[in-house]
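Data first, discussion second: the structure below is written as structure tokens.
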Amino acid sequence: MERIIAKKTLRDYWTKHADSEQYLKTWYETARTSNWKSPNDIKKNYASASILPNNRVVFNIKGNSYRLIVKFNYIRQWAFIRFIGTHAEYDKINATTI
């Protein structure tokens with residue numbers, strides 16, 4: 001991805017949840033160096049990722065302890081961090097509109 005928007009969101013999260021830091025950094029580096037042109041490309045790296053409407057993808061972080069929602073613009077190679085939280089917090093939101 002050419003641009004990952006809101007890395008600060010990830011950094012702020014791992015500051016509060018230290019056990020997520022290495023997992024989020026790994027996700028970030030993988031996403032930053034990937035050339036994902038479709039959800040199928042993402043599934044090649046992250047088989048457990050859930051593909052949602054509105055170009056959103058849910059990634060399981062740290063063995064599904066955390067959920068990361070990213071909205072993609074595949075043409076421009078942009079990734080927008082929309083949400084990071086625990087599984088319980090994820091259950092309280094609408095992942096397709098956040």
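Details
- Trp36, sole failed condition from (1) part of a loop (DSSP other than H, G, I, E, B); (2) in contact with a Ser or Thr (Cβ under 9 Å, 6 or more places away or on another chain); (3) buried (at least 18 other Cβ atoms within 10 Å of the Cβ): (2)
- Checked against (1) under 16 Å from Arg3 (Cα atoms); (2) buried (at least 20 other Cβ atoms within 10 Å of the Cβ); (3) among the hydrophobic types (A, V, I, L, M, F, W, C), Phe59 meets all criteria but (1).
- Screening Ile75 against (1) β-branched (Val, Ile, Thr); (2) surrounded by 20 or more Cβ atoms within 10 Å (Cβ to Cβ); (3) free of Cβ contacts under 8 Å to residues at least 12 places away in the same chain leaves a single unmet condition, (2).
- For the criterion of being without any contact (Cβ under 8 Å) to a residue 40 or more places away in the chain, surrounded by fewer than 18 Cβ atoms within 10 Å (Cβ to Cβ) and of a type in the set (Lys, Arg), Lys7 fails.
- Pairs are defined by a Cβ separation below 8 Å, a sequence spacing of at least 6 or placement on different chains, a first member in segment 45-71 that is on the phi > 0 side of the Ramachandran plot, and a second member that is surrounded by 15 or more Cβ atoms within 10 Å (Cβ to Cβ); the pairs so defined are Asn54/Lys71; Asn55/Lys71; Asn55/Phe72; Asn55/Tyr74; Lys62/Ser20; Lys62/Tyr23.
- Only listed residue being open to solvent by 40 Å² or more (accessible area, probe 1.4 Å) and either under 14 Å from the mean Cα position of the chain (by Cα) or under 21 Å from Gly85 (Cα atoms) (or both), chosen from Lys16, Lys44: Lys16
- Number of residues in segment 19-33 that are free of Cβ contacts under 8 Å to residues at least 40 places away in the same chain and either acidic (Asp, Glu) or open to solvent by less than 80 Å² (accessible area, probe 1.4 Å) (or both) equals 6.
- The single condition among (1) in a loop (DSSP other than H, G, I, E, B); (2) without any contact (Cβ under 8 Å) to a residue 24 or more places away in the chain that Asp12 does not meet is (1).
The values are calculated or read from the model by the stated rules, or taken from the named source; none is laboratory data. Here the structure is a predicted model, which is why all the values come from computation and not from measurement. Every residue, glycine among them, receives a Cβ derived from its backbone with ideal geometry; neighbour counts consider all protein chains shown. SASA here: full protein model, heavy atoms, side chains in, ligands and nucleic acids out. Shrake-Rupley method; radii C 1.70, N 1.55, O 1.52, S 1.80 Å.
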